[in-house]
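Chemist: Got a structure here, written out as structure tokens. Questions coming.
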Amino acid sequence: MQFLDFEKPIADLYEQLEKLRENGEKSGVDVSATVKEYEQKIIDTKQQVYNNLSSWQKVQLSRHPERPYTLEYIERMTENFVELHGDRNVKDDKAMVGGFAEIGGETAMFIGQQKGVNTKMRQIRNFGMANPEGYRKALRLMKLAERFNKPIITLIDTPGAYPGLEAEERGQGEAIARNLFEMVKLRVPVICVIIGEGASGGALGIGIGDRIFMLENSWYTVISPENCSTILWRSWNFKEKAAEELKLTSGYMSQFGLVDGVIPEPVGGAHSNHEEMAEILKKRLIETLAELKKIDPDTRIEQRIDKFSNMGFFEER
């Protein structure tokens, strides 16, 4: 198990528990009662730590190396997943994945950014940063789902769209803008879930839907705390302050009306229990799909447009 710096009290308890078990095995002494005490201590400490997280600590949790990514959620929540590839123009972007799968007895199109599970795969997946062909691939799959009248579920987890020169040459901005324009008019139900990082246009490029949800320890904003700190204070050293000022966590996003709900994570975060997290998310998706299917497509589109048109609050002077 990997622990973040603020998880040190939890890590210490796990270490003590492991030593206790080893000593019990060597000496042949029954330590089951003490083991139960330590296990309860770990649960209590987790609740204490995770109920008082700062915005920066939630950002760290969203990037936890053991946190489940898009393909794992699809594997755990669905059956008969068939991955589809390519944008029919440039190439297949490995940072953006998608395909048909069955969830709750119904076929749906799943699309999302995929980060790598190890160093080699992170390079292949470009750390979840899609190129223009990734967003065009996503749009192709959405149009395919619309043609066959299948709902669309997007799982968002990206530090941003890839900012490289070649991405700009191939029209990164246009690809994202085209997705926004097309997604708002899709005649099938669209559910978007931010499962980790939701940074800037890279997240918004597959983030226009009838319902927008965030996992408890995810974030959603126009810029990462590090880059915000660099712009404002010319240094990454103020990233914690930037995270607080950006108000990027799920609680703030729900309060501002930018998302429709926050999906709770298991105690200890999504990385602590992948199976439980997938079950919680699956249940919410099935419930929301049933709700959206009852709404007429024209009404859904109108509500979708109104939702995004009414976002934000300001004063005219």
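Chemist: Using Stokes-Einstein with the Kirkwood hydrodynamic radius over Cα pairs, what translational diffusion coefficient do you get for segment 219-317 at 10 °C and a viscosity of 1.306 mPa s, in µm²/s rounded to a whole number?
Modeler: 95 µm²/s
Chemist: Could you give log10 I(q)/I(0) at q = 0.23 Å⁻¹ for segment 113-164, computed by the Debye formula over C-alpha point scatterers of equal weight, without solvent?
Modeler: Rounded to two decimals, the profile gives -0.88.
Chemist: State log₁₀ I(q)/I(0) for segment 101-254 at q = 0.09, 0.18, 0.21 Å⁻¹ as given by the Debye formula over alpha-carbon point scatterers of equal weight, solvent excluded.
Modeler: Relative scattering, expressed as log10 I(q)/I(0), comes to -0.30, -1.13, -1.38.
Chemist: So, one more: Can you pull the three principal axis extents for the Cα set of the chain, in Å, largest first?
Modeler: Result, largest extent first: 68, 51, 41 Å.
Chemist: Okay, moving on. If you count only protein heavy atoms with a 1.4 Å probe, what accessible area per residue comes out for the chain, rounded to a whole Å²?
Modeler: Roughly 50 Å² per residue, with all protein chains present.
Chemist: Still on this structure, I have one more. Counting only C-alpha contacts under 8 Å and six or more residues apart, can you give the relative contact order of the chain as a whole percent?
Modeler: Result for the chain is 16 percent.
Chemist: Still on this structure: Kirkwood Rh, segment 179-223, all Cα pairs: how many Å?
Modeler: The answer is 10.9 Å.
Chemist: Calculate, axis by axis, the spread of Cα positions in segment 86-145 along the three principal axes, and write the results as whole Å, longest axis first.
Modeler: On the principal axes, segment 86-145 reaches 36, 27, 12 Å in Cα extent.
Chemist: Looking at the calculated P(r) for segment 1-116, what percent of the C-alpha pair distances fall above 18 Å?
Modeler: Above the 18 Å cut-off, segment 1-116 has 68 percent of its Cα pairs.
Chemist: Percent of accessible area on segment 103-224 owned by carbon and sulfur, 1.4 Å probe?
Modeler: Result for segment 103-224: 57 percent of the exposed heavy-atom area is carbon or sulfur.
Chemist: Given Cβ point charges of +1 (Lys, Arg) and -1 (Asp, Glu) and nothing else, what value in debye, to the nearest 20, does the dipole of segment 113-201 about its Cα centre take?
Modeler: 440 debye
Chemist: Between ILE176, ILE103, ILE286, which gets the highest mean-square fluctuation from a Gaussian network model of the chain, Cα cutoff 10 Å?
Modeler: So, out of ILE176, ILE103, ILE286, the one fluctuating most is ILE286.
Chemist: What's log10 of I(q)/I(0) for segment 143-220 at q = 0.14, 0.15, 0.26 Å⁻¹, Debye sum over Cα points only, no solvent?
Modeler: So the normalised log intensities are -0.48, -0.54, -1.17.
Chemist: Can you check what the Kirkwood hydrodynamic radius comes to for segment 1-56, Cα pairs only, in Å to one decimal?
Modeler: Across segment 1-56, the inverse of the average 1/r is 12.4 Å.
Chemist: Sticking with this one: If exposed GluC sites (Glu not before Pro) are those in a DSSP loop with at most 16 other Cβ within 10 Å, what is the longest stretch of the chain that has none?
Modeler: 67-314
Chemist: Using the Cα atoms of segment 55-165, I'd like the radius of gyration and the largest Cα-Cα distance, Dmax, both in angstrom.
Modeler: 14.2, 43
The values are calculated or read from the model by the stated rules, or taken from the named source; none is laboratory data. No experiment lies behind these values; they were computed from the predicted model shown. Counting neighbours? That spans all protein chains shown, and the Cβs are built from the backbone with ideal geometry, glycine included. For accessibility, only protein heavy atoms count, side chains too; no ligands or nucleic acids. Shrake-Rupley method; radii C 1.70, N 1.55, O 1.52, S 1.80 Å.
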